[in-house]
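The values are calculated or read from the model by the stated rules, or taken from the named source; none is laboratory data. All values derive from a computational prediction rather than experimental measurement. Because the Cβ atoms are built from the backbone with ideal geometry, glycine has one as well, and the counts that use them run over all protein chains shown. Note: accessible area is taken over every heavy atom of the protein model, side chains too, but ligands, DNA and RNA are not part of it. Shrake-Rupley method; radii C 1.70, N 1.55, O 1.52, S 1.80 Å.
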Amino acid sequence: MTAQTATTGYRLTEEQLMLRDAVRLLADEKIAPRAAEIDRTAEFPTDVRELLAAHDILGLPFPAEYGGVGADLLTVCLAVEAISRVCATSALILAVQELGALPLLLAGSPEQKQRWFPDLAAGRHLIAFALTEAEAGSDAAAIRTRAVRDGDEYVINGGKRFISEGNLADLITVFAVTDPEAERHRNLSCFVVERGSPGFSAPRLEHKMGIRGSPTAELAFDDVRVPSANRVGEEGDGFSIAMRTLDRSRPAIAAQAVGIAQGALDVASRYAAERRQFGRPIGDFQLVQGMLADMDAATEGARQLLYKACTEIEAGSRDTSRWSALCKLVAGDAAMRVTTDAVQVLGGYGYIDEFPVERMMRDAKITQLYEGTQQIQRLVVARALLDRD
Ligand code: COS
């Protein structure tokens, strides 16, 4: 049996189905009515954050021993998908909480987990992930932010860009160069920076096409002092921690994409059944039927790949990077295509904000860009294929 042959089957457990349905209901009742306004005002939905915290949804990725739910990756993705069906911005609150915490989940010490996880699991604190810089996007190893050791502290100088929730997170996992003399992938370390640290600021927010209620911040570090107890893992482990984090976080973006696609398909199907032209519902026309069927095929295909990928990753597959990249690649492209077609099915009504599909189309685009562009996902998949022994 070669590594590329999938061996782990999956079937959603009773618990997972119950959680998915509960989150879906909550999203339909409480988040869907807010989605258009969140997009229009581009304000972070504090009420949704509180709702997710109150229902233990923000606690899903954290181990039970630190007050979390201890959910597996597939369960986290089911929740992200269910929320994204109605509001991609709101789903990102969970996805970013997981992303920011992953360096600690993967490489944090028991003391660090004990110190930070209970507040994160309860949703009292938010955590963000700061890898990207103006000149270090796809080339994550090109980071220039520096952390210089000074006694029992590190002094951080530099800047980060495109950091989701970087302006409001209580904690941020920050990647910085600790040894400029070391080889390219051995020179980075990861630190937890606490909000309010002197010298830390978020001077600017981006104006974005989509996920408009999720703030995207530029961060500045000006002699920010961090105790060495806040270093995650060993010096030089930073690049590996970042890559392993992305391996586990990309499926949540795939889940966001699947949710967005499903939301758009639901709206388009309902519309096609009701909207009448030429004396009958437009769903009677085969050209429209073909579009709906293709949208369903793309969405369901992406979903099945995502669930499978989660199962493989959770089982410790040595092909984790490939599964992770595959599911984001397929789901991101599906979301873009399905939402674009949903706008087409609705015609002129799809292009105005009376219906949610134009928002979904704008939101879908980011899933092809962040946590690694689709081009980077292809590169990761191709490397996995070429590296096989
Ligand atoms: N897990 C563990 N280690 C990994 C790894 C992974 N997923 N991917 C790479 N590494 C290790 C490699 O094994 C290699 O180790 P050795 O030096 O011991 O051989 C080292 O890291 C360097 O790997 P590689 O040569 O593949 O690194 P590159 O600089 O070529 O970068 C890509 C690889 C392009 C995949 C990486 O830079 C990347 O993922 N870029 C996109 C970043 C991204 O997603 N940004 C979004 C910001 S977060 S929202």
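Two decimals is fine: what is log10 I(q)/I(0) at q = 0.26, 0.29 Å⁻¹ for segment 247-305, from a Debye sum with one equal scatterer on every Cα and no solvent?
-0.99, -1.12
As a test of reading the structure, rank Met18, Met360 by solvent-accessible area (1.4 Å probe, protein chains only), most first.
Order by accessible area, largest first: Met18, Met360.
In terms of the ratio Rg/(2.2 N^0.38 Å) built on C-alpha atoms, what value belongs to the chain?
Expressed relative to 2.2 N^0.38 Å, the Cα Rg reads 0.99.
What does the convex hull of the alpha-carbon atoms of segment 161-244 project to on average, in nm²?
In nm², the orientation-averaged hull projection of segment 161-244 is 6.3.
Using the Karplus equation 6.51 cos²θ - 1.76 cosθ + 1.60 (θ = phi - 60°), what ³J(HN,Hα) coupling, rounded to whole Hz, does each residue of segment 144-158 give in order, writing x for Gly and Pro?
Values per residue, Gly and Pro as x: 10, 3, 10, 10, 10, 6, 9, x, 9, 9, 10, 10, 9, 9, x Hz.
How many lysine pairs does the chain hold where the Cα atoms are under 30 Å apart and the two sit 8 or more places apart or on different chains?
15
If we count every other residue with Cβ under 13 angstrom of Ile127's Cβ, Lys/Arg +1 and Asp/Glu -1, where does the sum land?
Residues near Ile127 contribute 0 overall.
In whole angstrom, note down how far apart the Cα centers of segment 320-340 and segment 234-308 are.
Going from one Cα centre to the other spans 9 Å.
Compute the acute angle (0 to 90°) between the alpha-carbon long axis of helix 88-107 and the principal axis of greatest extent of the alpha-carbon atoms of the chain; round to the nearest 10°.
So the helix axis and the longest Cα principal axis differ by about 30 degrees.
Rank-order 54-67, 85-98, 241-254 by packing density, defined as the average count of other C-beta atoms within 10 Å over each peptide's residues, highest first.
Ranking the peptides 54-67, 85-98, 241-254 by packing returns 85-98, 241-254, 54-67.
Any idea what the alpha-carbon Rg over 2.2 N^0.38 Å comes to for segment 117-178?
Against the compact-globule rule of thumb, the ratio is 1.24.
Among the trypsin sites (Lys or Arg not before Pro) in segment 276-329, which ones are in a DSSP loop with at most 15 other Cβ atoms within 10 Å of the Cβ? Mind listing them?
Arg318
I'd like the accessible area for Leu386, computed on protein heavy atoms only with a 1.4 Å probe and all protein chains in place. Round to 10 Å², please.
140 Å²
Is the C-alpha gyration tensor of segment 319-379 telling us rounded, prolate or oblate? Criteria: a/c under 1.5 is rounded; beyond that, a/b larger than b/c is prolate, otherwise oblate.
In terms of gyration-tensor shape, prolate.
Taking a ≥ b ≥ c as the square roots of the Cα gyration tensor eigenvalues, with a/c under 1.5 meaning rounded and otherwise prolate when a/b beats b/c, else oblate, which class fits segment 18-164?
The shape class here is oblate.
What number comes out for accessible area per residue over the chain if the probe is 1.4 Å? Units Å², please.
43 Å²
In terms of the Cα gyration tensor, with a ≥ b ≥ c the square roots of its eigenvalues, is segment 188-294 rounded because a/c is under 1.5, prolate because a/b exceeds b/c, or oblate?
Cα axes put segment 188-294 in the prolate bin.
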